[in-house]
Structures are given as C-alpha cells and as structure tokens.
1. Just to be sure I understand the model, the point goes 7 Å from the Cα along the line to the Cβ. What's the resulting R132 to E175 distance in nm?
2. The range 1-86: which trypsin sites (Lys or Arg not before Pro) are DSSP loop and have at most 14 other beta-carbon atoms within 10 angstrom?
3. Enter the per residue convex hull volume of the range 90-188, computed from alpha-carbon coordinates, in Å³ rounded to the nearest integer.
4. Rank these for me by crowding, W70, W65, W29, W314, going from fewest to most other beta carbons within 10 Å.
5. For G38, what residues show an amide H to amide H distance below 5 Å, using hydrogens built from the backbone and excluding near sequence neighbours?
6. Report, by chain and number, residues whose modeled amide H sits under 5 Å from the one on D166, excluding near sequence neighbours (fewer than 5 apart, same chain).
7. Short version: ³J(HN,Hα) in whole Hz for each residue of the range 65-81, in order, from phi by Karplus 6.51 cos²θ - 1.76 cosθ + 1.60 (θ = phi - 60°), x for Gly and Pro, what are they?
8. Which of H18, H80 has the fewest other C-beta atoms within 10 Å, and how do the rest follow up to the most?
Amino acid sequence: MSSAVRGRYAPSPTGFLHLGNARTALVAWWQARAQGSGFVMRIEDLDSQRSRPEFITANIAELDWLGLDWDEGPDIGGAHAPYLQSERQQAYEQTLEKLREAGQIFDCYLSRKDLREVSSAPHRSMLPYGKRQRSLNERLKAQKLAENKAPSLRFRVDKATVDFYDQLQGKQRFELGDFVLLRADKQWAYQLAVVADDIAMGINEVVRGDDLLQSTAAQILLYEALGAKPPSFVHVPLLLSKSGERLAKRKGSLTLTALKEQGVKPERVVGLLAYSLGLNSELTEMTATEGLEHYSLKSLSSEPFSLNSELVNWLLL
Ligand code: GLU
C-alpha cells in the first residue's frame, strides 16, 4: 500500500534555495522515502517576472548537492511530463473548464483599487471578497466592459469556513474570500496550477512550508469542486533568521549555493536542519540518507525555529 504514496517538492525558481527551503525539501523527501514512496520534482515557474531559467538549473543542482533524489522531474523526465509549470498551460485550461462546469467561476472586473476601497480590512493576505465585492462587481460590470477591461476569473467560495487536518499542525480552520484562478493579464494563479498539477501527477501527500496553510484551505475547495480527493498535508514551520525574520530568497543569505561555494559540506547542512527540526538532539553531520534513520513525523517539531550565531558558526566551521 505504502508504495502508492507519492510526494513532491515544488520550488519556485526565483532565486537560490536558502536553508529554510532546504529544510522543507528535506522533510518532503524524508517523509516520502521513509514510507518507501515515490518523489516528484516540479518547478513552479509560473511567475514569469520573477522566475529565471538559470535558477531552475541552480535549484536542481542545490537539491542534488543536499543529497536528495527524485523519480520524476524536469531533468530526468517521467510519465507525467512536463515538470515545468510554464509548459503545462493545457492542464490548467482543462482544470478551469471543469471548475466552470461545476458553476464555481465568475468574471471579476474589480481592480486592486476598487477592492481596497470597498474592503474594511485591506491588509489581510487574501483580500476578503464576499457579498459586498460581488455586488460592486455586478454594478461596475457594464462600465468596465465599455472600457475594455479584461476580467480576472475568480472561484466563488460558498462555505463560511474551510476545515482540514494537517498531519503536523492538527486541525485547521480558515475563512476565505472568493479567490483568483486566472489573473486579468492571463497569468494562472498558484492555487489553480498547484491543484491541477498535484491531481495530474497523482500526488497524495503534500509537504510544504506553513506559510501556505491558508492556501491549502483554498486548494481544498478546488479539490472538492473537481470531485477529487485532497492529498494529506504536512506544513513545516518556517526557519527564522538570527533576528527572528523569515528567510527570503531575495535577501540572498544562507543559500545552498553560497554555502557550497564556501566549502561547507552538505552533511553539515543536513545535520543542522535535522537538529532544527527536533529529529536529532545534537549537532552531528549526516547525509540526507542517514537522516532517514532519525526521521519520524511524530518527532518533528511543529514550532518555528530561530537560527543563532552558535548554530551558524557550527555550520560554517
Ligand atoms: N512553489 C512554492 C514555493 O516555492 C511551493 C508550493 C507548494 O509546495 O505547493 O514556495
């Protein structure tokens, strides 16, 4: 039975991978391989402004250096190719059609400015979009059409709350507004692409950073509307910098490429990350494969972890 589990790691090639990305990638790989499961590498290069081809090659080299392997991916092909989202437009079109048939999609003509003006809570990460926004959209439609405004496509959320269970963080509940599937500039939204791909690639276990918990709620609604079974989820808490901030690719610090160039061994990186995840009580060097012996979902910490000078010194020693 366990051989039927399929996991994946899905980096966005917008920069070199940092230690936090490596931490999530390792958990995804350990979680799959500890069960003897298949593991897929998919490149999420939908954001044409921020994704760069050189980072696709770099990210693959970084994960290979870390000691991970995969059964299917852009570098080795596989039964579910292509593995670059930028080449999967057809899959997204088909998924959108199914959602349209399910009656869950509508054209939205509201600009960010319209939304800000009508919203009472402008700073929420997913702008609330409900009755007020829908009725403003209806009112402005004729005018926007006359102005030749292209609409975005949104998914209509009918449920007051979305509940799901995360294998690491337990019960989750989110309130969601109607969310975008295809932007007015014809760029596919992450929510649609990731669900279309995970279904098409037979992924039934998703491991990713816990900054995506709210997105998971949106994705569950897409699975339901498509009549597909959602995967099980493990959301890994983030790794924080010494000053307690989220690591970010654009800040360029502690990337795997930089560490490699400084002569740091991947065994140190894996050792530090295993320690940060609560899988090892000491800092010891280990390969990704050796880490499998320490790995269990039950011993994985569900708290964010902050780096400190002592740990970074050990890494760079
Ligand atoms: N591409 C996303 C990222 O790099 C991950 C999305 C996912 O795993 O669903 O953060």
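1. 1.2 nm
2. Taking the range 1-86 and a limit of 14 other Cβ atoms within 10 Å, the loop trypsin sites (Lys or Arg not before Pro) found are R50.
3. 138 Å³
4. Arranged by neighbour count, lowest to highest, W70, W65, W29, W314 become W314, W65, W70, W29.
5. Here the answer is V5, G7, since their amide H atoms fall under 5 Å of that of G38.
6. Long-range HN contacts for D166: K171, Q172.
7. Each residue's phi maps through the Karplus curve to give 4, 5, x, 8, 9, 8, 8, 9, x, x, 7, 10, x, x, 5, 10, 4 Hz.
8. If I rank by nearby Cβ atoms, fewest first, I get H80, H18.
Just so you know, all these numbers are worked out from the coordinates, no wet-lab data involved. Bear in mind the structure is a predicted one, so any value in this text is a computation, not a measurement. Virtual Cβ from ideal backbone geometry, glycine too; neighbours counted across all protein chains shown.
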